[in-house]
Amino acid sequence: MDIVHAGRMSWGENLAAHRQGGLAHKLLFEGDEASPDNYAWVMADEKSDYFSPRHRHAWDQVRLCISGSIPIARDLRVDAGEIGYFPEGVPYGPQEGGPDRLTLVLQIGGSSGLGYLSARQLRDARAELAEVGVFEGGVFKRTKGGGKANLDAYEAIWRHVTGRPIDYPKARFKTPIIVRPDGFAWRPEVQSPGVSTKRLAVFPERGLELSLLALEPGATWWFGPTPQRLLVFVRSGDGRLQGEHYETWSAARIEPGEAVEIAGGAPTEVLVISLALIADLAL
């Protein structure tokens, strides 16, 4: 298990600088860029002037809106406390306007196995493409050499890194899915006094599950061991996670096969993201 405390971290670089507007990140955890399971888990400070054109992904994304509101289409947004699931191949946007917002963003290789580009790959590709063009309004505009004159910024980076265009998977959903956790009832865990859960969503094609866990002071709960990777984000509270202190905005990564105990100090609520490994999806 690994744990970081996002509330103590400084805001870092904009990892999506190929888009337009104010954005800063705290990189919590990332995976192996050579793996179809590659991922980046970040906290994002996104300003109201941020703009991203209508686009789609070749990977999956999960966003928790911590504060503010995230506009994801003309009349659609993810409000504070809500969770958006953006499956691979599903178009959305443009993303523009709205208030400043804080979000927790997970980007993961989807069930197609196409993977996800790492922060290093994105950074290096932007620098190299800047020698032959410019990034404006979420679009890469080529000014030198051969190739398409205008291309979605991420698509241009993907082509530069992989040497091929994105072969988007066929969309399994018509639109992104927005989960409203406040509409779910807390279910007491009979075998664990003082513990309650909300099972929010299961997306079996990707082996993705979203849930909330609440602990009263002194209550305990075990994560795992499971074949899945677990990502745990503390929305509020403090206590101990496998003997290590946690607090509001702490984030933990629990690898497959690990068993980790959480013990509540103050009343605690955590978001739990369970991820199957791509190799296991083929079984």
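The values are calculated or read from the model by the stated rules, or taken from the named source; none is laboratory data. In this text the structure is predicted, and so the values were computed from the model without any measurement. Note that we place each Cβ from the backbone using ideal geometry, even for glycine, and neighbour counts take in every protein chain shown.
Overview of values
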quantity	calculated
Filter pass, A156 being among the small types (G, A, S), in contact with a strand residue (DSSP E or B) (Cβ under 9 Å, 6 or more places away or on another chain) and either under 19 Å from G89 (Cα atoms) or surrounded by 18 or more Cβ atoms within 10 Å (Cβ to Cβ) (or both)	yes
Meets criteria (closer than 26 Å to R74 by Cα and either among the aliphatic types (A, V, I, L, M) or at pLDDT below 95 (or both)) for G146	no
Residues (more than 16 Å from I273 (Cβ to Cβ) and either assigned to a loop (DSSP other than H, G, I, E, B) or over 21 Å from the mean Cα position of the chain (by Cα) (or both)) located in the range 222-242	W222, P225, G237, D238, G239, R240, Q242
Long-range neighbours under 8 Å by Cβ, at least six apart or interchain, first residue touching a residue at least 40 places away in the same chain (Cβ under 8 Å) and over 13 Å from L215 (Cβ atoms) within the range 256-283, second among the acidic types (D, E) and part of a strand (DSSP E or B)	I273/E209; S274/E209
Hits in the range 234-276 - residues which are surrounded by fewer than 22 Cβ atoms within 10 Å (Cβ to Cβ) and touching a helix residue (DSSP H, G or I) at 6+ places or on another chain (Cβ under 8 Å)	E247, T248, W249
Exclusive hit being surrounded by 18 or more Cβ atoms within 10 Å (Cβ to Cβ), more than 27 Å from A259 (Cβ to Cβ) and aliphatic (A, V, I, L, M), set A34, A80, A44	A44
Single match in F233, F173 (criterion: under 30 Å from D124 (Cα atoms), touching a Phe, Trp or Tyr at 6+ places or on another chain (Cβ under 9 Å), touching a residue at least 24 places away in the same chain (Cβ under 8 Å) and of a type outside the set (V, I, T))	F233
One residue from D32, D2, D37 being acidic (D, E), within 30 Å of P227 (Cα to Cα) and free of Cβ contacts under 8 Å to residues at least 12 places away in the same chain	D32
Filter result (farther than 23 Å from L102 by Cβ and in a strand (DSSP E or B)) within the range 243-266	E244, I254, V260, E261, I262, A263, G264, G265
Output for the range 113-145, where each listed residue is aliphatic (A, V, I, L, M), over 30 Å from A282 (Cα atoms) and in contact with a helix residue (DSSP H, G or I) (Cβ under 9 Å, 6 or more places away or on another chain)	A125, L129, V139
Residues being within 25 Å of K174 (Cβ to Cβ) and outside any strand (DSSP E or B) - total across the range 65-75	2
